[in-house]
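The values are calculated or read from the model by the stated rules, or taken from the named source; none is laboratory data. Note that the structure is predicted; figures quoted are calculated from it, not measured. Quick reminder, even Gly has a Cβ in these numbers, built from the backbone with ideal geometry, and neighbours come from all protein chains shown. Ligands, DNA and RNA are excluded from the accessible area calculation, which covers all protein heavy atoms including side chains. Shrake-Rupley method; radii C 1.70, N 1.55, O 1.52, S 1.80 Å.
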Amino acid sequence: MAFQAHAIIDSPAPLVAALKDAGWKVIAPVERDGALVLAAIQSAEELPRGRVDRASPGEVRIEDGRPGRWFDHTLPASGWKRWLHPPRHLLWRANRGRDGFELKTPPPETEDLAFLGIRPCDLAAIARLDAVLGPDGSADTEYMRRRRHMLSVVVQCARAADTCFCTGPGTGPRAEHGFDLALTELEIGLLVEVGSERGAGILERLPSREARETDIEEAHAISRKTAGMQRRRLPPSAAAAIAQAPDHPEWDQLAARCLACGNCTLVCPTCFCTDVEDTTDLSGDHAERWQVWDSCFATGFSFVHEGPVRTSVRSRYRQWLTHKLATWYDQYGTSGCIGCGRCIAWCPVGIDLTAAAEAIARPASPSPAPTGG
Amino acid sequence: MTAPLRLAVWKFASCDGCQLALLESGDLLLELAEAVEIAHFAEASSSMREGPWDLSLVEGSITTAEDIARIRHIRENSRLLVAIGACATAGGIQALRNVADAGAFAAAVYPHPEILDALETSTPVSDHVAVDLELQGCPISSAQLLEVITALLSGRKPQLPVEPVCFECKRAGHPCVLVANGTPCLGPVTTAGCGALCPAVGRGCYGCFGPLPGAVPAVLSQRLAELGLHRAELTALYRSFAAAAPANAEEAARHE
Ligand code: SF4
Ligand code: SF4
Ligand code: SF4
Ligand code: SF4
C-alpha cells in the first residue's frame, strides 16, 4: 500500500495542536465524573494521561495506571456515533404562510471533526454504520455529510478491558486500514502509521523521527499481548443458533434479569435506530420534525396500530440480541457487533451478551420425558 | 373565529411547584395567555371565572373530605382534566402518611390537632374522578405541559415519552452513575421527561417522574442490594415522591 510510512513522535501534544491549526475540532476521550467521555479538547493536557479503566459487567471504574502513559485506558462510555448520528437532530421546520406552509431544512453546521484516540473496534463500528446509513444503506443525509467531514487518529490498544472481545470478530486490537493515522504507544514514544494522504500531510507537520524495524515489531507484540488479554468470545455458531431459537428457554432467564432500560443499545456504537418527533407551537403556525435516538427496548418501538407488538421484556431482549448477532447478517452481510463490550460493562445489571449468546447457542436441554399416567 | 379554549388551574394538597413551572415559562406564558382564556388560576390572577372549562389542570393530592367534593365539581365542569405532578398523580410526598399513623404526625406537630380535618390518606386525583391525562414530575416539566396544551390546540395527540430516564441520560451523553460510581439510581424504572436532571449532576434518579409502566423494580432492587443497599434503604428509595404509586408502594413493602 502507498501509505506505510512509519514515524515516531514523542507526545500527542503537537498532533493535537497541528490538527487544531488545520481547522479540525479534536474529539477525544476525557475523564469526567468518574468515567471516560468524548469531548472536544483544546490540548493534549486534557487527555486522561496515566489513567486506566477497569471494566467488568455492570461496573466501570477509572483509576491510576502507569504514570505518564497517554493511552493505557480503553473505551469511552459510549460509542462515537453521537458525533456522526446525533441523538437529537432537527430534520425540518414548517411555517404556515398565506398559501399553505413552507418547509425549511436547517442549514447544516459543518464542522471538521478529528476523532483522536478512537480504538480499532470503534473504527470498525463506523464502517458498520456506513453500511446502514451511508450511500448503500438508507443514505441519511446528515450522517453522510458528517462522515465526509471526519478524520481518524486511531490508537492501537495496549490493554484490553475485561469486557473487550474484538479478537473474535477481528475488529481489533489492531486496525490495519481505514484510518488517517494510527498510534501505538511504545516505551520510547508513539509509533505513527499513516493510512491516508491526509494523514501523511498531518504527520509532515509534526516533529518526528523515523521508526526502526524493532519499533514496528514492538507495536505488533503489543497488539498480540492485548489480544491475549481477552477472555470473552462469541460462539461462532451464535448467529445461526439465535435465529433458529426463538423459543429457547434461556430467553426467559435473560428476561428475568433485564431491566429493559435500553442502555445496551444506546451505548452500542452500531445501534442506529431513531424515532421522529413532531412539535407545534402555541400559535399553530410553526412545526418542527426531530429525529431522536430510539431503542428496541422501548415499548413504543414496536407500536403498530392499536399498540406495541413486543410488550414483554423477553421479546425485546430477544429482538436486541437477534438483530445484533443474527439478522444483521441478512441485512448488511456482517454482524452488528464489533466486540467492544460496552453493552456488558454499561448494563446496570451486568448482563453479558457473550454469555447470553453462548447459552442460546447451547441446545436447550430436552424437556423431561413424561412419566406415565 | 371559535371561542378560545378556557383553561383552569387548580390546587389541592401540594407545594405549588407545578403551578410555578407554568408561571416560570416566561414568554411562553404570555403566548399562552393570548392563545387561551385563562379562566381560573388563583396563583396568577384574581379574576376567577366560573365553569365550564375546556381544560382543567389539577395540582395536588386529595387529603380532605372537602377536596373530594371540590374535585368532583371540577370534573363535572371540565371537558378535559389533566392531573399534573407527583401529588396529583401519585399522592405526592405527603402520601408517606398512608403507611404511617397520620394522627401521630398531627399530634407531634400541632398544639391542637383536633382542629384538623384531614383524611387518613393522601391519594391521587384518579382515585376519585376520571382523569384524561397525567403529567409526571416533582415538579412537572413546563415543556411537557406546553406540549399538552399545544397538542390540544392543534388537535393532535401530545407526545409524552414512555421510556426510562436512561434514554434521556444516554442521549444527553451522561455515563450511567450506577455503573460508573455505584450510585443508587431509579432511572431504569422511572418515566422519562425531566431530561435526566439528576444524573446530569452525578446524582442517582429519585424517581420523581413516577414508575415507568411495565418496568420491573424488583430487578433493579436486586442489583442495588448487591451494591450494598440494606432493606431499609431500598424501602426508603421507593418511598419518596411517588410513594403511593402502586409499583413503588409494592416494591417498598417487599423490603420492609
Ligand atoms: S441488557 Fe442490560 S442494558 Fe440492556 S436493556 Fe437489559 S438491563 Fe438494560
Ligand atoms: S453489541 Fe455490545 S459488544 Fe457488540 S458492538 Fe454493541 S455494545 Fe459493543
Ligand atoms: S438492536 Fe435494537 S436498537 Fe440496536 S439497531 Fe437493532 S433494533 Fe435498533
Ligand atoms: S432524574 Fe429522576 S428524580 Fe431527578 S428530576 Fe428526573 S425523574 Fe426526577
Report task. Put one equal scatterer on each alpha carbon of the stretch B:5-154, apply the Debye formula with no solvent term, and list log10 I(q)/I(0) at q = 0.14, 0.16, 0.17 1/Å to two decimals. Result -> -0.67, -0.84, -0.93
Query raised in the report: What does the highest-first list of A:224-234, B:8-18, A:80-90 look like by mean Cβ count within 10 Å?
Result: B:8-18, A:80-90, A:224-234
Query - Buried solvent-accessible surface, both chains (B, A), 1.4 Å probe, Å² to nearest 100 - result: 2800 Å²
**Report entry** Computed E for A:Ala127/A:Ala221 - FRET, C-beta separation, R0 22 angstrom, nearest 0.05
**Finding:** 0.25
Report task. With 29 Å as the limit, write out which pairs from A:Lys225/B:Lys170; A:Lys25/B:Lys157; B:Lys11/B:Lys157; A:Lys25/A:Lys104; A:Lys324/B:Lys170; A:Lys20/A:Lys81 have Cα-Cα distances beyond it, or answer none. Result -> A:Lys225/B:Lys170; A:Lys25/B:Lys157
Requested in this report: Would you mind putting B:231-237, A:31-37, A:105-111, B:54-60 in packing order, based on average other-beta-carbon counts within 10 Å, highest first?
Outcome: B:54-60, A:31-37, B:231-237, A:105-111
**Report entry** Using θ = phi - 60° and Karplus 6.51 cos²θ - 1.76 cosθ + 1.60, couplings along the stretch B:78-86 (whole Hz; Gly, Pro as x)
**Finding:** 10, 5, 10, 10, 10, 7, 10, x, 4
Query raised in the report: If you place +1 on the Cβ of every Lys and Arg and -1 on the Cβ of every Asp and Glu, how big does the dipole about the Cα centre of the stretch B:57-123 come out, in debye to the nearest 20?
Result: 320 debye
Requested in this report: Give the calculated FRET efficiency between A:Ala256 and A:Arg362 to the nearest 0.05, with a Förster radius of 30 Å applied to their Cβ-Cβ distance.
Outcome: 0.95
Report summary line: Ranked output for segments B:165-175, B:129-139 by mean other Cβ atoms within 10 Å, highest leading, reads B:165-175, B:129-139
Report summary line: Under the rule rounded for a/c under 1.5, else prolate if a/b exceeds b/c, else oblate, using alpha carbon gyration tensor axes a ≥ b ≥ c, chain A is classed as oblate
Report summary line: Dividing the mean separation of Cα pairs under 8 Å (6+ apart) by the residue count of chain A yields a relative contact order in percent of 22 percent
**Report entry** Rounded to the nearest 20 debye, dipole of the protein assembly as shown from Cβ charges on Lys, Arg, Asp, Glu
**Finding:** 1400 debye
**Report entry** Cα centroid separation, the stretch B:1-76 to the stretch A:146-163 (Å)
**Finding:** 54 Å
Query raised in the report: Per residue, how much accessible area does the stretch A:160-221 have with a 1.4 Å probe, in Å²?
Result: 45 Å²
Query raised in the report: In deg cm²/dmol and to the nearest 500, what is the mean residue ellipticity at 222 nm of chain A if only DSSP H runs of at least 4 residues count, each as -39500 (n - 2.57), divided by the residue total?
Result: -7500 deg cm²/dmol
Report task. Give the shape of the stretch A:238-361 as rounded, prolate or oblate, defined through the alpha-carbon gyration tensor: a ≥ b ≥ c are the square roots of its eigenvalues, a/c under 1.5 means rounded, and otherwise the shape is prolate if a/b is larger than b/c and oblate if not. Result -> prolate
Query raised in the report: 222 nm [θ] for chain B, helices only, -39500 (n - 2.57) per DSSP H run of 4+, per residue, to 500?
Result: -10000 deg cm²/dmol
Requested in this report: Could you check what % of the DSSP bridge pairs in the protein assembly as shown are antiparallel, to the nearest 5?
Outcome: 60 percent
Query - Averaged over B:159-165, number of beta-carbon atoms from partner chains that fall within 10 Å - result: 5
Report summary line: If unit charges are put on Cβ atoms (+1 for Lys and Arg, -1 for Asp and Glu) and the dipole of the stretch A:193-264 is taken about its Cα centre, the option from A:Ala256, A:Gln244, A:Leu203 lying farthest towards the positive end turns out to be A:Ala256
Query - Amide H within-cut-off set for A:Ile118, under 5 Å, with H built and near neighbours excluded - result: A:Val153, A:Val155
Report task. State the Cα centre-to-centre distance between the stretch A:203-231 and the stretch A:9-76 in whole Å. Result -> 18 Å
Query raised in the report: Restricting attention to the alpha-carbon atoms of the protein assembly as shown, what are Rg (one decimal) and Dmax (integer), both in Å?
Result: 27.9, 91
Query raised in the report: Which of the residues in the stretch B:207-251 lose at least 50 Å² of accessible area when you go from the chain alone to all protein chains together (probe 1.4 Å)?
Result: B:Val219, B:Arg223
Report task. Compute the Cα gyration tensor for chain B, then decide on rounded, prolate or oblate, letting a ≥ b ≥ c be the square roots of its eigenvalues: rounded whenever a/c is under 1.5, prolate when a/b is larger than b/c in the other cases, and oblate in all that remain. Result -> oblate
Requested in this report: Summarise the long-distance tail of P(r) for the stretch B:165-254 by giving the % of C-alpha pairs beyond 21 Å.
Outcome: 23 percent
Query - Under 14 Å, Cβ to Cβ, from B:Phe209 - net charge with Lys/Arg +1 and Asp/Glu -1 - result: -3
Query raised in the report: Given A:Gly34, B:Phe41, A:His89, which one lies farthest toward the positive end of the charge dipole of the protein assembly as shown, if we put +1 on the Cβ of every Lys and Arg and -1 on the Cβ of every Asp and Glu?
Result: A:Gly34
**Report entry** DSSP beta bridges in the stretch A:6-229 [antiparallel fraction, %, rounded to 5]
**Finding:** 70 percent
Requested in this report: Using 0.36 nm per residue of separation minus the Cα-Cα distance, give me the extension gain between B:Ala33 and B:Asp101 in nm, one decimal.
Outcome: 20.1 nm
Report summary line: Charge tally for neighbours of B:Ile93 with beta carbon under 15 Å away, counting Lys, Arg as +1 and Asp, Glu as -1, is 0
Report summary line: Plugging the Cβ-Cβ distance of A:Arg205 and A:Thr110 into 1/(1 + (r/R0)^6) at R0 = 22 Å yields, to the nearest 0.05, a FRET efficiency of 0.45
Requested in this report: Keeping every protein chain in place, order B:Tyr238, A:Tyr332, B:Tyr206 by accessible area at 1.4 Å, biggest value first, i.e. largest first.
Outcome: B:Tyr206, A:Tyr332, B:Tyr238
Query raised in the report: For the pair A:Lys25 and A:Val304, how long in nm is the line joining their label points, each one 7 Å along Cα→Cβ?
Result: 4.1 nm
Query raised in the report: With every protein chain left in place, what is the accessible area per residue of chain B in square angstrom, probe 1.4 Å?
Result: 45 Å²
Report summary line: Site A:Phe101, offset 7 angstrom along Cα→Cβ, radius 15 Å on amide nitrogen, limited to the stretch A:266-300, gives A:277-291
